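Accompanying notes for the structure given below.
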Amino acid sequence: MAVLALFWSRGRNTWYWTDESLSIGMASHSIARLPEILAQDTSPPLYHVLLHLWMDVFGSSEAATHALSLLFALAVVPATVWAGWSLFNRRTGWMCGILAAASPFLATYANETRMYSLMALLCVLVTATFLHAFFYRRRRLVPVFALLLAMTLYTHYWGLFLALGTGAALVLCFVGSDDRRRLAIDAALAYGGAALLFAPWVPTLLYQRSHTAIGWALPPTLQLVRDDVIGLVGGPVPAVALALGAGAGLVVLTRRPWVGSSLLTVALIVITVTAVGAGWAISRASGQWHGRYLGIVLGAVVLVIGAALARAGTSAIGALAIVAVLNAPLSTGVPLFAKSNVAGWTQEAAPMLATGDVVFAPIGAVPLFAHYLTGELVYTTTTGPVADPLAADWRDAMERLRRSEPAATLSPLVDNLPGGGHVLVSCPPVARSDLGGLPEYIQLEILRCLEGRDFLLAHPLLKLDRSFSHPPTPSAVADAELLTKLTAPP
């Protein structure tokens, strides 16, 4: 664990990118205001409450907030050891622990100020306590399962798909149960308890779905789903190694699918297929698929592979060795701009800005700039000035962008700017000709930003002073231009 912490923590100073700034910005508000702030977003509150408390103690630097995610990611390793050990046997536990320690998913999100490592931890525990409570009938864990499931829902809404997966696996419990009445009561108490705990947040969830759901991704294809699931173990080559090493063990485990460990393995497969399938089906309509959401099934996937490896003999050791070598985070360091270049050029731009200067950017980028820039600046998007730059207001964003007119929004701000004042313009480095393959919302946000940029660059009272791009890499989230207002047209 100490070596793993050393490897995973080397990216702790990596500059924030857009999504991380959303979490930082929301968590910067008081806990009492978080429900109001999150109503403008698409997230539940648990991670942001924890992040708020963490920042109160350790601050909001990259290293500080990444440390919280690192702790959650590290905790997944002993959680999977316990899950495999307690559900199957000791050998399975160690196999699961090694798989988690070599997980590229955990290595990535250990340095991401987002909820994904917490989600992975909770979902490992949810999966394990579900199987303990309903397959092994350890009834004392029924309320623990209900509490963990509610916490998962409060962390990420894809926890609903994990709940659906466990519900599908519950059918297998009824098939093999001698006391179906008691099982039904326990199931009602568990899922009813989780629903009751989550009920206070349901009105906010419904409001978010009605006003802030944005199709920011293309509908996922089955090939994308396959690739993202394979990505949980590191990609095609590690997946092939694991398939060869664990294949024989999986055959042994499932040859009598209604008995003991075989039934447990089938249940884990049902949980995985149901949860991923539900996420895929919903995302086909909503356009909100991403491989990082598959943390909900990381526990189930690791348990299936670990149990199969434990029964595969010496071939399992070779498979694990290959996976460990291929997935090990051995690079000597992570460039500061690996995820974003914004921190770099804002360090250059910040001394040139004064109180009242205008910052023009897309909706989602405003909290990122507000985090790195200092002073009393006026932030605006093409939909209008931003009242709270630490929180991106996604409410009805698509319709607001469709109706927005950059000239009408920006003209009053330029008029009110005194001579010598500045406008910092920042748009994603994407040309209009490259917008065709992007989702509709992303196209619209970039197009409106480029229209606003064109208007400002052509304004007779604004002169281009300097351009910023630090450094010019594929990770450039945004470049910028600094304009100065003249006292009279040239």
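Taken together, the values in this text are just the output of simple stated rules run on the coordinates, not laboratory data. If you're wondering where the values come from, they're calculated on a predicted model, not measured in any experiment. Every residue, glycine as well, gets a Cβ built from its backbone with ideal geometry; the counts of neighbours run over all protein chains shown.
Of 119, 151, how do they rank once you tally other Cβ atoms within 10 Å and put the fewest first?
Details: 119 27, 151 21.
Fewest to most other Cβ atoms nearby, the residues stand as 151, 119.
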- Distance in nm between residue 58 and residue 32 label points, each 7 Å along Cα→Cβ, equals 2.7
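Considering only the chain, what is the antiparallel percent among its DSSP beta bridges, to the nearest 5?
Details: 14 of 20 bridges.
Once the DSSP bridges in the chain are tallied, antiparallel ones form about 70 percent.
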- Message: Run the simple label-point estimate for residue 6 and residue 469 please: 7 Å along Cα→C-beta, distance reported in nm.
- Response: 4.0
- Please give the calculated 222 nm ellipticity per residue for the chain, where each DSSP H segment of at least 4 residues contributes -39500 (n - 2.57) and the sum is spread over every residue; nearest 500 deg cm²/dmol? -19000 deg cm²/dmol
- Message: Once R0 is set to 30 Å, what does the formula 1/(1 + (r/R0)^6) return for the Cβ-Cβ distance between residue 334 and residue 374, expressed as a FRET efficiency to the nearest 0.05?
- Response: 0.70
- Query: Suppose R0 equals 25 Å; then what is the FRET efficiency for residue 487 and residue 355 from their Cβ-Cβ distance, rounded to the nearest 0.05?
  - Reply: 0.85
- Query: Using alpha carbons only, how many degrees (0 to 90, rounded to 10) separate the axis of helix 62-87 from the longest principal axis of the chain?
  - Reply: 10
- Message: Just want the answer: with Cβ charges of +1 for Lys and Arg and -1 for Asp and Glu, which residue in 367, 302, 380 is farthest toward the dipole's positive end in the stretch 255-392?
- Response: 302
- Tabulate in residue order the Karplus-calculated ³J(HN,Hα) for the stretch 139-151, using 6.51 cos²θ - 1.76 cosθ + 1.60 with θ = phi - 60°, rounded to whole Hz; enter x for Gly and Pro. 5, 5, 8, 4, x, 5, 4, 4, 5, 5, 5, 5, 4
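Nothing charged except the Cβ atoms of Lys and Arg (+1) and of Asp and Glu (-1): what's the magnitude of the dipole of the chain about its Cα centre? Round to the nearest 20 debye.
Working: 31 positive and 29 negative charges, 456 e Å.
In total the dipole reaches around 2200 debye.
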- Separation of alpha-carbon centers, the stretch 219-239 and the stretch 136-161, rounded to whole Å: 26
- Task: Please identify which residues in the stretch 138-169 have an amide N closer than 16 Å to a label point set 7 Å out from the Cα of residue 184, following the Cα→Cβ vector.
- Result: none
- Query: So how tilted is helix 18-27 from the main axis of the chain? Cα-based, degrees 0 to 90, rounded to 10.
  - Reply: 90
- Under Karplus coefficients 6.51, -1.76 and 1.60, residue-wise ³J(HN,Hα) of the stretch 106-123 in Hz, glycine/proline x: 5, 4, 6, 8, 5, 10, 9, 7, 9, 8, 6, 6, 5, 4, 4, 4, 5, 6
- Cysteines in the chain lacking a second Cys C-beta under 4.7 Å: 96, 123, 173
- Item | For the stretch 364-485, size of Cβ-based charge dipole, Lys and Arg +1, Asp and Glu -1, in debye | 160
- Query: So, in Å, what gap is there between the alpha-carbon centers of the stretch 306-372 and the stretch 376-431?
  - Reply: 28
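Provide 173, 96 in ascending order of the number of other Cβ atoms located within 10 Å of each residue's Cβ, fewest first. Present the calculation step by step, with values, prior to reporting the outcome.
Numbers: 173 21, 96 30.
With the sparsest Cβ surroundings first, the list reads 173, 96.
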- The ³J(HN,Hα) series, computed from each phi in the stretch 242-254 with the Karplus coefficients 6.51, -1.76 and 1.60 at θ = phi - 60°, rounded to the nearest Hz and given as x for glycine or proline, is 5, 4, 5, x, 9, x, 4, x, 5, 4, 4, 5, 9
- Message: As an exercise, find the ratio Rg/Rh for the stretch 115-156 from alpha-carbon atoms, using the Kirkwood inverse-distance average for Rh.
- Response: 1.01
- Task: Distance from a point 7 Å along Cα→Cβ of residue 282 to each backbone N in the stretch 135-149: keep the residues under 17 Å and list them by number.
- Result: 149
- Query: Once amide H atoms are built 1.01 Å from N in the peptide plane, which residues 5 or more positions from residue 462, or in another chain, come under 5 Å H to H?
  - Reply: 486
- Interchain or sequence-distant (5+) residues whose placed amide H lies within less than 5 Å of the amide H of residue 479 are 427
- Item | Amide proton proximity set for residue 338, modelled H, under 5 Å, gap of 5+ | 15
- Message: Helix 260-286 against the longest principal axis of the chain: what's the angle in degrees, Cα atoms only, rounded to the nearest 10?
- Response: 20
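Over the residues of the chain, compute the C-alpha Rg and express it relative to 2.2 N^0.38 Å.
In units of the globular-protein estimate, the chain measures up at 1.07.
Taking only C-alpha pairs under 8 Å that are 6+ residues apart, what is the relative contact order of the chain in percent? Provide the component values of the computation, followed by the final result.
Working: 844 pairs, mean separation 90.5, N = 490.
Once divided by the residue count of the chain, the mean separation gives 18 percent.
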